[in-house]
1. Based on the Cβ-Cβ distance of TYR42 and ASP211, what FRET efficiency does E = 1/(1 + (r/R0)^6) give at R0 = 30 Å, to the nearest 0.05?
2. Suppose we keep just the DSSP beta bridges with both residues in the chain; what percent of those would be antiparallel, to 5?
3. Would you kindly give the portion of the calculated P(r) for the chain that falls above 29 Å, as a percent of all Cα pairs?
4. Once ligands and nucleic acids are excluded and a 1.4 Å probe is used, how much of LYS108 is accessible, expressed in Å² to the nearest 10?
5. Could you pull the Rg and Dmax for segment 66-153, using just the Cα atoms, both in Å?
6. With a point put 7 Å past each Cα toward its Cβ, work out how far ASN220 is from ASP92 in nm, to one decimal.
7. Each residue of segment 198-215 in turn: what ³J(HN,Hα) in whole Hz from Karplus with 6.51, -1.76, 1.60 and θ = phi - 60°, glycine and Pro shown as x?
8. Counting heavy atoms of the protein chains only and a 1.4 Å probe, report the per residue accessible area for segment 128-180 as a whole number of Å².
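The values are calculated or read from the model by the stated rules, or taken from the named source; none is laboratory data. Source: prediction; values computed, not measured. Every residue, glycine as well, gets a Cβ built from its backbone with ideal geometry; the counts of neighbours run over all protein chains shown. Ligands, DNA and RNA are excluded from the accessible area calculation, which covers all protein heavy atoms including side chains. Shrake-Rupley method; radii C 1.70, N 1.55, O 1.52, S 1.80 Å.
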Amino acid sequence: MKISSLIATLSASTATAHTIFVQLTADGKTYPVSHGIRTPSYDGPQTNVNGNNMACNGPPNPTTPSDKIIPVTAGTNVSAVWRHTLQSGPNDVMDPGHWGPVMAYLKKVPDAKKDSGVGNGWFKIQEGGYTNGKWATNVVIENKGNQVIQIPSCIQNGQYLLRAEMVALHGARSTGGAQLYMECAQIEITGGTGTASPKTYSIPGIYKANDPGLLIDIYNQKTGFKYIIPG
């Protein structure tokens, strides 16, 4: 049994329903929109996985620097809050037809307010794909835009960039058709044990345009297929 091609047509018609990681909830506090996050003025995606803007977003979505650092305790959960626009509420997160995976990465940096995020040092701390007939993007939408991310207890203390990401695959039948949405929060982690030394990767570089999780016709897959999450 295959997913109806009619759904593909309907989803493609809503391709402008983009999304932004607008604020962070950490240690029980939800910070204001754009506090400690380099939010863009436009909610569009990145599609070139080889571009430097894959790290923390950027043109054609100009981002605004932030002079804030958000304190985070290692071993706790934070929530990356997603909205369609900077002004949207919890019922306007992303078009529900924008199916795809959700990921989160950390990068330890000397100064989270100044580091561009481009290059090596990134490690993945959270991911969701396609499970029991549901895409991870829909889980976030149903959770009022909250992407719940556990901060590892075993990492070093210090300043980090937290990169939250959602990927929409409705146009991913062709190379470059996947829509990747990401922003970086500027955080300072305390309470970590420092016992882990995770393998790190470069952004850009961690994804390839022909990765099976980015070049895929999601509307012509058998029920229960195994989706390979990028990265």
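1. Working: r = 26 Å, r/R0 = 0.85.
The calculated FRET efficiency here is 0.70.
2. 90 percent
3. Taking all Cα-Cα pairs of the chain, the fraction more than 29 Å apart is 22 percent.
4. We get 90 Å² for LYS108.
5. 14.6, 41
6. Result for the modelled spin labels: 3.6 nm.
7. Coupling constants for segment 198-215: x, 5, 10, 9, 9, 10, x, x, 6, 10, 10, 4, 9, 4, x, x, 10, 10 Hz.
8. Working: 1930 Å² over 53 residues.
Per-residue value: 36 Å².
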